[in-house]
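Data block below; observations after.
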Amino acid sequence: MMLICCFSTIGSAQILPEADVECEDLVTLDISPGSTRQAIVNCELTNPTSGPESIEISYQSGNLDVAGPGSMTVEGGESVDFQIAVESTGEIPAGMYDINVSVVVTEWNGVPVSVFGFSDEDVIEVEVLPYTVCSSSGPSAIFSEAGEDVLFSVVYSCDSNEENSLEVSLHLLEKGSSQETMWPSGFNDMSVDTCRVENPMGSVNCDFVLTTPSNLQSKWEGCLIIVDEMTDPNWGCSSEFAFSLTVNEKETVVPSVGLDVNGTFLEDFGITEENQSLLIGVGLGGAILMLSLFFLYRRRRG
């Protein structure tokens, strides 16, 4: 009581120690891979009294890590700005988190006063942003013949701080294309099971079956893209989610009729290669003789 009486005689603007702290109401924190994983909060500490104050600052942050000044000296009637760094060193779910900033006047006009509890506090809301980052690991390239089924597997993995279920699907792009259009006739996704990855921190092995056209007239070149429904793969065959696909046209086979170059037709009847020329000559001579007799017969009758 004697100290309080002394305080009342020190200044006319304020009869008791006091401190006010004000911070930003809301900040966002991005903890996705590759980010700084840190947010900066601006605060202001005010001494509304006429005398200088030594003020202690403390933080309660729960799952978040906070770094800021532990104490400050503020002259009477002045305000001082300071910053708090908020970060997450581990994986925490997306959502809203509170940080309490508390200040206590420990000394006023050179007199210790913390025992009287002259204090203030403010609450900062920190929004931890959701993120999902996925990748795929599959064959580097696939080569197929026209009409063949292409069977392959891809390991699809996601790093995420939110709970969700994503469907992973197969896409077909022609070489040089920057978007998926209607698939050419003969290409069909015949995969049996739907592939889904469960987050957070999910990984799944996806098996695919792709049919190819049986009547290709020329080689088809393009790529397959395996991606979930939420991820933008930067459509194109240079995407990190893409691997090349080449389907070769079916070779045209011309059937041989009669005597082939090796005389295999005659050899089937036991005629050796040495006798084939003689036999062909005899056959041609007989044919010429028959034609000559036919024309002679027609002339006599005419």
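Computed from the coordinates by the stated procedures, all read-outs in this text should not be read as laboratory data. As the structure is a prediction and not an experimental result, all values here were calculated from the model. Here the Cβ is made from the backbone with ideal geometry for all residues, glycine too, and neighbour counts use every protein chain on show.
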Can you tell me the FRET efficiency between residue 196 and residue 85 if r is taken as the Cβ-Cβ distance and R0 is 35 Å, rounded to the nearest 0.05?
0.35
Between residue 157 and residue 234, what FRET efficiency follows from the Cβ-Cβ distance if R0 is 25 Å, with the result rounded to 0.05?
0.85
Neighbour counts of other C-beta atoms within 10 Å: give me 124, 92, 40, 55 arranged from fewest to most.
40, 92, 124, 55
Consider all pairwise Cα distances in segment 202-245 and report the whole-number % of them above 16 Å.
52 percent
Fewest Cβ neighbours within 10 Å first, please rank 163, 251 accordingly.
251, 163
Segment residue 175-residue 207, length gained on full extension (0.36 nm per residue, minus Cα span)
9.2 nm
Show me the three semi-axes of the equivalent ellipsoid for segment 132-248, from the C-alpha gyration tensor (sqrt of 5 times each eigenvalue), largest first, rounded to whole Å.
27, 14, 11
Using DSSP to define loop residues, name the GluC sites (Glu not before Pro) in segment 87-131 whose beta-carbon has at most 13 other beta-carbon atoms within 10 Å.
91
Bin by bin, in steps of 10 Å, what percent of the Cα pairs in segment 16-128 do you find, going until the bin that has the longest distance?
15, 43, 25, 13, 4
